[in-house]
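**Student:** The structure under discussion is supplied below as structure tokens; questions concerning it will follow.
The values are calculated or read from the model by the stated rules, or taken from the named source; none is laboratory data. Since this is a predicted model, take the numbers as computed values, not measurements. Here the Cβ positions follow ideal geometry from the backbone for every residue, glycine too, while neighbour counts run over all protein chains shown. Areas reflect the complete protein model, heavy atoms only, side chains present, ligands, DNA and RNA absent. Shrake-Rupley method; radii C 1.70, N 1.55, O 1.52, S 1.80 Å.
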Amino acid sequence: DFTGDEDSILSQIRTLVSILPASNEENTAYTECEDDLNRTSADLANCVGASDLALQKISDNGFYLEVKKAYDPSMVTAFIRLNGATVGCVANRTAVYGENGEVEAEYDAVLTARGCEKAEKFVSFCDAFNIPVLTLTNVTGFKADKHSERCIATAVAEMTHAFADATVPKVNVIIGKAYGSAYVAMNSKHIGADLVLALENAKVGVMDAKSAVSVMYEDDINKEADKLAALDEKTKEFEEMQCKASIAAKRGYVDNIIEGSEIRKQLIYAMQMFGMR
């Protein structure tokens, strides 16, 4: 869960112990919140790729404790606080920023076998100790390589089961793209999420619009003199009809569409509704 020198690891252990409940039968993972419950973050929508930064902006006083950070960094597992309550977070990450603000690493917005394994164990832990689970979703599919082809199906199935089986409050915020069965596995409404929120510019659909158009309208596009322009036009039409968050909301897959700056207060409202504080 943690790496570093002796002082660093001991400090992280103390922090972890301080936010966990005393036992699985007594949830004492609370503290007094001194942060503004209605605080907004105008630039939060810019942190879609760096979901760890987004979680820090959402949390009380920026509290953020990531576990297993070095094990498949494309999947974030961390603890934050909302209105003094400990919340377990699972999030897709596509970029890591250094202290100087420059991108140090980039990842595809896909699920990996190791990422799913990491998320599954984390969600199961949170469920065992009655810690609510929050997911930030930005995923377009599954990683395709030799390793994933051998074990991705099992890993995704186990993660899906962990989300579906968990009885703690489960909230999902779609912060970027949410496509296909990869999205379904990321704590979607389809597998039992109690509340699904989406940012205004989020994309929700069966698959990427350009890929869908290439399959559905291949003959029509090939007939056009300017195939690229025809592809772009059809892609825009498909996105308007099928991939907007508002379309998913009309179909019952999304409960509410919110602005990025409102995520913190919306999540606190949700946790209060579910009896957490």
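**Student:** Mind checking which aspartates and glutamates have their Cα closer than 14 Å to the Cα of Lys227? Skip sequence neighbours fewer than 8 apart in that chain.
**Tutor:** Glu218, Asp219
**Student:** Moving on. Check Val139: other-chain or 5+ apart residues with amide H under 5 Å from its amide H, H built from backbone geometry?
**Tutor:** Correct list: Lys177, Ala178, Tyr179.
**Student:** Counting pairs of alpha carbon atoms under 8 Å apart in space and at least six apart in sequence, what relative contact order in percent does the chain give?
**Tutor:** Relative contact order of the chain: 17 percent.
**Student:** Restricting to the chain, what percent of DSSP beta bridges are antiparallel, rounded to 5?
**Tutor:** The answer is about 40 percent antiparallel.
**Student:** Let me ask something else about it. Once whole DSSP H runs in the chain are found, which of them have Cα atoms spread over 18 Å or more along the helix axis and a mean Kyte-Doolittle score of at least 0.0?
**Tutor:** 6-19
**Student:** Can you give me the Cα centroid spacing of region 48-106 and region 148-189 in angstrom?
**Tutor:** A separation of 18 Å, based on Cα centres.
**Student:** So, one more: Under 15 Å from a label point 7 Å along Cα→Cβ of Ser214: give me every residue in region 231-250 with its amide N that close.
**Tutor:** Label zone hits: 231-236.
**Student:** Using only the Cα atoms of region 87-132, build the gyration tensor, take square roots of its eigenvalues as a ≥ b ≥ c, and label the shape rounded, prolate or oblate: rounded if a/c is under 1.5, else prolate if a/b is larger than b/c, else oblate.
**Tutor:** oblate
**Student:** Moving to a separate point now. Obtain the nm distance between the two label points defined at Ser18 and Glu200 by a simple spin-label model: each point lies 7 Å from its Cα along the Cα-to-C-beta direction.
**Tutor:** Here the answer is 3.8 nm between the modelled labels.
**Student:** How many nm separate the modelled label positions at Thr40 and Asp108, each set 7 Å beyond the Cα in the direction of the Cβ?
**Tutor:** About 3.8 nm separates the two model spin labels.
**Student:** Tell me the per residue accessible area of the chain using a 1.4 Å probe; a whole number in Å² is fine.
**Tutor:** Normalised by residue count, the accessible surface of the chain is 49 Å².
**Student:** I would also like to ask the following. Go through Lys118/Lys146; Lys118/Lys203; Lys234/Lys265; Lys69/Lys236; Lys189/Lys265; Lys69/Lys170 and tell me which ones have a Cα-Cα distance over 29 Å in this structure.
**Tutor:** Lys234/Lys265; Lys69/Lys236
**Student:** Pop out the carbon and sulfur fraction of the accessible area of the chain as a percent, whole number, probe 1.4 Å.
**Tutor:** About 48 percent, which is the carbon plus sulfur part of the accessible surface.
**Student:** Using the beta-carbon distance between Tyr97 and Asn61 and R0 = 22 Å, what value does 1/(1 + (r/R0)^6) give for FRET efficiency, to the nearest 0.05?
**Tutor:** For R0 = 22 Å, the calculated efficiency reads 0.60.
**Student:** Calculate, for Ser124 and Glu237, the FRET efficiency according to 1/(1 + (r/R0)^6) with r their C-beta to C-beta distance and R0 51 Å; round to the nearest 0.05.
**Tutor:** 0.75
**Student:** Once every DSSP H run of n ≥ 4 in the chain is given -39500 (n - 2.57) and the sum is divided by its residues, what mean residue ellipticity at 222 nm do you get, rounded to the nearest 500 deg cm²/dmol?
**Tutor:** Rounded to the nearest 500, it is -11500 deg cm²/dmol.
**Student:** From largest accessible area down, sort Ile13, Ile152, Ile263; use a 1.4 Å probe on the protein chains.
**Tutor:** Largest to smallest exposure gives the sequence Ile13, Ile152, Ile263.
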